[in-house]
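Visitor: The following block contains the structure, expressed as structure tokens.
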Amino acid sequence: MLDLLVKAARLPGRREPADIAVKAGRIAEISPRIDAEAQRVIDTGGRLVSPPFTDPHFHMDATLSLGLPRLNRSGTLLEGIALWGELKPLLTHEAVMERALRYCDLAVSQGLLSIRSHVDVCDDRLTATEALLEVRKRVASYIDLQLVAFPQDGLYRSPTAEANLLRALDMGVDVVGGIPHFERTMEDGARSVRRLCEIAAERGLPVDLHCDESDDPMSRHIETLAAETVRLGLQGRVVGSHCTSMHSVDNYYASKLIPLIAEAGVHIVPNPLINITLQGRSDTYPRRRGLTRVAELRAAGVNVAFGQDCTMDPWYSLGSADMLEVAHMGVHAVPMTSREAMAWAFDSVTLNGARAMGLPDPTLRVGGPASMVVLQARDPIEAVRMKPTRLAVIRSGKILAETPARLARLSLPGRPESLDPADYAPIAED
Ligand code: FE2
């Protein structure tokens, strides 16, 4: 007797639907037709079944705090940081936990089961750190939550940041974070990158830095991060997040920088929702989009994974824990509209995010964990286009969330009585 049988599943990259048999939390078989008894059967009717979504860049300590203690009037990164500084002393353990757990509920309903969250350690009480460590424990059976010790006010700019960062790592925070472009000088920024990489090397930890989140073409900390990665042998466990200044550097410099990033095996995590709203703010016209050079990084073989960054916090008043919304914005903001690139955008928020987070390859395969999402769409490109309903979210064979399919009932003369938006258009073939 199987635990679960998922019928007529369309797997990414596979043309014909297949049945997926689940036993003891793992995928026991994938075949065109499986006739076996199962405790639970989900007939997808030819819908897309994909690995769960991943978000390699988030701020769970700030999420769902919109309006506390006031709104960001200018909409800029710097007012967001100042506003967060006003909220920080008011944080309580219970309030941070409550908001984070509520966000995790939302994430599960959207099929988002792996999240890397930065946690601000520039608070001598380490209130948010303690709260999110508790949240990590609480959600462990349904979300892989990684925490990054993030000195929001600057490792050197804030007098207690380094000591607090080390304390947070001692408490069990998983990843070393930083924000070199927010240090007082370029030298301090570069020095912070070196110090943070050394801390990671000494402790055997990954590194994930907010890197060059500005439109300043002289902000080149990603170069130092890549060089330090090579010097300290950290290849594969380092992430450069945002890297928006790469948009504004000259092409010659980019042609030297991108191969260095590839050689260092540094993962790049752009955050399209926030980058398209925060960058170019000081421009008149033409106004820069400010997203990093996604196409060129991909062409050089760099692992690029889109992150969400924010949902309803001092920096961004929208967001919905929907990584397909992130991929959709990425497609527009880069822009990248070939069928190959749009299918890649789907991988960016599933497979590539897992790689950036150092998690096992989540591709659905026999013997692998039975963790998957059933979507009300037929293929990855349709999923990016529709941002469809997550019909079922499954982790290790257990159904965590189910949402009814979206179906419009129509009352139109001479037209069908109902409309499934995902059946509206034909699937294009290359
Ligand atoms: Fe961030």
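Visitor: In terms of the Cα gyration tensor, with a ≥ b ≥ c the square roots of its eigenvalues, is the stretch 64-201 rounded because a/c is under 1.5, prolate because a/b exceeds b/c, or oblate?
Guide: It comes out oblate by the Cα gyration axes.
Visitor: For the stretch 316-430, what is the accessible area per residue in Å² when the probe is 1.4 Å?
Guide: Result: 49 Å² per residue.
Visitor: On alpha-carbon atoms, Rg over Rh for the stretch 163-304 using Kirkwood Rh?
Guide: Radius of gyration over Kirkwood radius for the stretch 163-304 works out to 0.97.
Visitor: Still on this structure, please answer the following. Can you work out D for the stretch 224-317 in µm² s⁻¹ from Stokes-Einstein, where Rh is the Kirkwood radius over C-alpha pairs, the temperature is 10 °C and the viscosity is 1.306 mPa s?
Guide: 113 µm²/s
Visitor: Nearest 10 degrees, 0 to 90: what angle lies between the long axis of helix 93-109 and the longest principal axis of the chain (Cα atoms)?
Guide: 40 degrees
Visitor: Quick one: net charge of ARG136's neighbours, Cβ under 14 Å, K/R +1, D/E -1? Write out the running numbers ahead of the final one.
Guide: Working: positive: ARG116, LYS137, ARG138; negative: ASP61, GLU130, GLU134, ASP144, ASP174.
Charge balance in the 14 Å sphere: -2.
Visitor: Could you work out the local net charge near ASN352, counting Lys and Arg as +1, Asp and Glu as -1, over the other residues with Cβ closer than 13 Å to its Cβ?
Guide: Value of the local net charge: 0.
Visitor: With label points built 7 Å along Cα→Cβ from the Cα atoms of MET186 and ARG339, find their separation and express it in nm.
Guide: My value for the distance between the label points is 4.6 nm.
Visitor: Over the chain, what is the mean sequence separation of C-alpha contacts under 8 Å (at least six apart), divided by residue count, expressed as relative contact order in percent?
Guide: With pairs under 8 Å counted, the relative contact order is 18 percent.
Visitor: Further question: Restricting to bridges with both residues inside the chain, how much of the DSSP beta-bridge set is antiparallel, in percent to the nearest 5?
Guide: Values: 22 of 53 bridges.
That works out to approximately 40 percent antiparallel.
Visitor: I would also like to ask the following. Using Cα atoms only, what is the angle between the long axis of helix 186-203 and the major principal axis of the chain, expressed in degrees (0 to 90) to the nearest 10?
Guide: Helix 186-203 sits roughly 60 degrees off the main axis of the chain.
Visitor: Follow-up question, since we're still on this one. In a solvent-free Debye calculation with one equal scatterer on each Cα, what is log10 I(q)/I(0) for the stretch 240-293 at q = 0.27 Å⁻¹, listed in the order of the q values?
Guide: Calculated log10 I(q)/I(0) at the listed q: -1.08.
Visitor: Give the calculated FRET efficiency between ALA408 and LEU318 to the nearest 0.05, with a Förster radius of 35 Å applied to their Cβ-Cβ distance.
Guide: 0.90
Visitor: Now for a separate question. Per the Kirkwood treatment, what hydrodynamic radius in Å, one decimal, follows for the stretch 8-51 from the mean inverse distance over all distinct Cα pairs?
Guide: Mean inverse Cα-Cα distance, inverted, gives 10.9 Å.
Visitor: Next up: Once the mean 1/r over all distinct Cα pairs of the stretch 56-120 is inverted, what Kirkwood radius in angstroms do you read off?
Guide: Kirkwood radius, the stretch 56-120: 12.8 Å.
Visitor: Considering only the other residues whose Cβ falls under 9 Å of the Cβ of HIS247, what net charge follows from Lys and Arg at +1 and Asp and Glu at -1?
Guide: Taking every other residue near HIS247 into account, the sum is +2.
Visitor: If you roll a 1.4 angstrom probe over the protein chains with everything in place, what fraction of the accessible area of the chain belongs to carbon and sulfur, to the nearest %?
Guide: Of the solvent-accessible surface of the chain, carbon and sulfur hold 53 percent.
Visitor: Okay, next question. Working from Cα positions, state the angle (0 to 90°, nearest 10) between the long axis of helix 127-139 and the longest principal axis of the chain.
Guide: Approximately 20 degrees, to the nearest ten.
Visitor: Next up: Could you list the square roots of 5 times each eigenvalue of the Cα gyration tensor of the stretch 275-409, that is, the equivalent ellipsoid semi-axes, sorted largest first and rounded to whole Å?
Guide: On the way: eigenvalues 157, 73, 45 Å².
In descending order, the three semi-axes are 28, 19, 15 Å.
Visitor: Further question on the same structure: Mind checking the per residue accessible area of the stretch 96-137 for me, 1.4 Å probe, whole number of Å²?
Guide: 29 Å²
Visitor: Using a 10 Å cut-off on Cβ atoms, rank the peptides 32-38, 137-143 from the highest mean neighbour count down.
Guide: Values: 32-38: 11.6, 137-143: 15.0.
Per-residue mean Cβ counts within 10 Å order the peptides as 137-143, 32-38.
Visitor: Over the Cα atoms of the chain, what is the Rg over Rh ratio if Rh follows Kirkwood?
Guide: So for the chain, dividing Rg by the Kirkwood Rh gives 0.98.
The values are calculated or read from the model by the stated rules, or taken from the named source; none is laboratory data. Just so it is clear, the structure is predicted and the values come from calculations on it, not from any experiment. When we count neighbours, we look across all protein chains shown, and the Cβ atoms used for this are built from the backbone with ideal geometry, even at glycine. These area figures cover heavy atoms from the full protein model, side chains too; ligands, DNA and RNA do not enter into them. Shrake-Rupley method; radii C 1.70, N 1.55, O 1.52, S 1.80 Å.
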